[in-house]
Every structure is written in C-alpha cells, then in structure tokens.
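Notes to accompany the following structure.
The values are calculated or read from the model by the stated rules, or taken from the named source; none is laboratory data. Note that this is a predicted model, so its numbers are computed, not measured. A quick note on method: Cβ atoms are made from the backbone with ideal geometry, for glycine too, and the neighbour counts reach across all protein chains shown. When the accessible area is computed, the model is the full protein with side chains, heavy atoms only, and any ligands, DNA or RNA have been set aside. Shrake-Rupley method; radii C 1.70, N 1.55, O 1.52, S 1.80 Å.
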Amino acid sequence: MAMIDKDFFNIPPLSKDLGPEIEAHIDGKAKPPKSLGRVEELAHQIGLIQQSLNPRIQKPALVVFAGDHGMTGSGVAAFPAGVTVSMVDSLLSGRATANAFAGVVGADVHVVDAGVNHDLSDRAGLIHRKIAMGTNDASIEPAMTREQAEKALAYGADVAAEIVAGGADLLALGEMGIGNSSSASLLVHRLTNAPLHLCIGPGAGHSEASMKVKRATLAKAADRSTATDPMEVLVEFGGFEIAMIAGAVIGCARQGVPVLIDGFICSSAALLAIRLVPQVRDYCIFTHASAEPGHAITMTALDARPLLDLDMRLGEGTGALLAIPIVRAACAMMSGVASLAEVMEAAR
C-alpha cells in the first residue's frame with residue numbers, strides 16, 4: 001500500500017527573490033501602472049512559480065477525481081450514487097460539460113477513479129487509483145482509515161507528477177462524486193471553525209425538505225467526532241476524491257507548476273492541502289466563486305479571491321477551465337507587450 005512519510009510534507013517555500021524584477025518588468029510595460037489589476041497579480045504569481053520574466057502556459061490539463069460517499073445512503077444527496085458512474089462514463093466519452101469547456105480552452109482531460117462504488121476496471125482511458133468502493137457513512141463512523149487517507153494523498157500527488165511528466169505545465173483540478181458537497185461542508189466546518197450550518201448548501205439541487213435531512217445528517221456526523229487536526233478531519237469526514245485532490249495540490253507544488261482550483265469541493269481539498277503543507281498556497285489559483293455558501297467561508301479562511309463569479313456550482317473542473325484563458329493572457333502580457341520605454345522611443 002502506497003503511504004506517505006514526513007518528506008511528503010517537506011516542500012520548500014516558493015522563492016520570492018525574483019519578485020522585484022518581475023514587478024518592475026510588469027510596471028515597465030506600455031500601460032499605466034497597475035491598470036490590468038488582478039491580471040498583473042496573476043502574471044506575477046505565474047512568473048514566480050516558473051521563475052521567469054516571460055512565463056508560458058503551453059499544455060494545460062484537467063484532472064477530474066471521482067469517488068462515492070457513504071453518507072449518500074443517509075439522504076444527503078439529491079441524486080442517487082449511481083450518477084457518479086454515469087458521469088464518469090460521460091467524461092470518458094467526451095460528452096460532459098467539462099469536456100466541452102476543455103475543448104474550447106485546449107486542455108487535455110484525465111479522469112481518475114479515486115473511489116467510485118462500481119467496478120470500473122474495464123473503462124479504457126480511466127486512471128485507476130481506487131482506494132475502496134466509496135467511503136463509509138461519516139454520520140455513523142469515520143469515512144476512511146488513516147491508511148486509506150494517506151494512500152489517497154499519495155496517489156493524488158503521484159497522478160499530478162505523472163501528468164506533469166507527460167508535458168502538462170498547468171493543472172486544473174475537478175471532481176465528480178454524488179454527495180461530496182456534504183463531505184466538503186464538514187471539512188470546511190472543522191478546518192475553519194465556521195458554524196456548520198453556514199457551510200451547508202443545496203449541493204446538486206436539494207428541496208427545502210431534503211435540505212432538512214442533509215443538515216440533520218451532517219450535524220449527526222459532526223457530533224460524532226471532535227477532530228480538528230487536518231489528517232484526522234480527513235479521516236473522519238473526507239472523500240477519496242477530495243483527498244486525492246489535496247494530494248494533487250501538494251504534488252503540483254512539488255513539481256513547481258501552478259494549479260487551478262475549481263469551486264467548493266476542490267477548494268475544500270485545497271484548504272486541507274494548505275493546512276497540511278502551508279507552502280502550497282503560493283501555487284494555487286482560485287478560479288471561480290461557487291454559489292455554495294461554504295465556498296465564501298473557505299476563500300475568507302485562505303485570504304483568496306476567485307478570478308470569476310458566474311453563479312456556477314457544477315463542479316467537474318468547469319470553473320477552473322474557464323480561467324485558463326485569463327492565465328494565458330497574463331503570461332502573454334508578460335512576454336508579448338512592448339515596454340513603455342520602447343513606445344516612448346518610437347514616439348520621438
């Protein structure tokens with residue numbers, strides 16, 4: 001069984017030594033200083049990650065991690081767990097929303113079975129990293145064992161490393177898993193100390209009646225354990241796909257590539273990764289403001305502002321994909337825009 005050791009969390013901080021030179025390079029472009037606002041901030045971040053005044057993103061990739069949740073059987077989801085399998089098949093066949101968006105922005109799509117409650121061994125093109133047939137019901141018992149949590153983190157980091165080794169220079173992370181907004185709500189509740197009821201939203205589309213069931217089930221889960229340590233919180237309330245996303249965030253930092261974080265579920269995983277390894281925060285780009293209420297709590301806890309706010313709540317990495325053109329534009333500004341000195345010289 002793949003496990004992690006202390007070196008897994010030992011990632012050197014991102015060097016900021018080039019920061020003043022990057023800032024001067026951006027300020028020296030043919031534009032009023034800071035006139036591109038957050039695009040300039042993004043360009044600065046990518047420049048630091050790539051340690052370059054002329055950063056480039058040439059091969060972006062989307063990685064969607066899929067897993068099922070034991071709490072789905074307790075009524076926390078608006079759809080049956082079998083939808084996870086159907087959506088994995090849609091992603092593999094190129095017919096999901098994420099595939100459509102990926103085609104527009106030129107990103108390769110990779111799908112990972114982290115813990116889907118179905119035998120997917122015959123699915124061609126699927127990255128097989130199944131930990132188990134879904135997690136346990138966290139309202140009754142820990143969602144997973146410590147060994148499973150560590151294995152999922154390690155697998156996530158390994159998948160990120162493999163895709164980067166294949167040429168990817170930017171990873172967008174996504175998820176697929178019926179019931180995973182419940183797991184994310186519990187993670188955010190415990191990792192930020194925010195009241196649980198403020199972290200719970202309608203997920204994939206609950207009625208008010210079914211929301212009462214969801215709130216009661218999550219309260220039961222929260223009452224079952226007092227865990228606040230990040231690894232313990234993952235064991236008690238996490239999902240295998242969420243754990244692997246956290247591992248992938250750590251893996252991207254280890255590989256020195258920027259990572260685009262999708263909405264609520266992926267942000268809860270990024271929060272977990274940052275609580276485990278604070279240094280990975282500098283590699284994270286938070287892409288869109290989820291309509292789920294727990295997302296704003298997560299962003300506040302991480303002092304982060306998403307690039308986009310389109311009232312989206314789909315998942316699959318769709319928001320992360322839509323941010324890729326902005327990231328590329330920020331890089332193009334760094335490398336392709338004339339300097340103010342050049343423009344002034346030409347005007348003489």
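For region 203-217, filtering for residues that are in a helix (DSSP H, G or I), polar (S, T, N, Q) and open to solvent by 20 Å² or more (accessible area, probe 1.4 Å) leaves 1. Only one of the numbered conditions (1) farther than 22 Å from S86 by Cβ; (2) touching a residue at least 40 places away in the same chain (Cβ under 8 Å) is not met by A96, and that is (1). Only one entry in G47, G67, G82 is modelled with pLDDT under 95 and among the small types (G, A, S), namely G82.
All told, E162 meets the bar of being within 19 Å of the chain's Cα centre (by Cα) and charged (D, E, K, R). Among the residues making up region 296-348, those that are closer than 22 Å to A96 by Cβ, at pLDDT below 95 and open to solvent by 40 Å² or more (accessible area, probe 1.4 Å) are D311, R313, L314. Among the residues of region 88-114, those that are β-branched (V, I, T) and within 22 Å of E162 (Cβ to Cβ) comprise V88, V105, V109, V111, V112. From the set of residues in region 124-177 that are of a type in the set (D, E, K, R) and not in a helix (DSSP H, G or I), which is farthest from H110 (Cα to Cα)? Ranking the candidates gives E141 first.
One line per residue, one yes/no per condition, for (1) modelled with pLDDT of 95 or more; (2) surrounded by 24 or more Cβ atoms within 10 Å (Cβ to Cβ); (3) farther than 25 Å from T298 by Cβ:
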site	(1), (2), (3)
G125	yes, no, yes
G134	yes, yes, no
M144	yes, yes, no
G166	yes, no, yes
M176	yes, yes, no
A184	yes, yes, no
T192	yes, no, no
G201	no, no, no
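Just one residue in the set A341, A329, A301 is of a type outside the set (F, W, Y) and either under 16 Å from the mean Cα position of the chain (by Cα) or farther than 26 Å from S35 by Cα (or both); that residue is A301.
This table checks each residue for (1) assigned to a helix (DSSP H, G or I); (2) hydroxyl-bearing (S, T, Y); (3) surrounded by fewer than 20 Cβ atoms within 10 Å (Cβ to Cβ).
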site	(1), (2), (3)
A219	yes, no, yes
L234	yes, no, no
L271	yes, no, no
S290	no, yes, no
G294	yes, no, no
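Restricting attention to region 67-120 and to residues that are under 20 Å from G239 (Cβ atoms) and polar (S, T, N, Q), the residue that is least open to solvent (accessible area, probe 1.4 Å) turns out to be T84.
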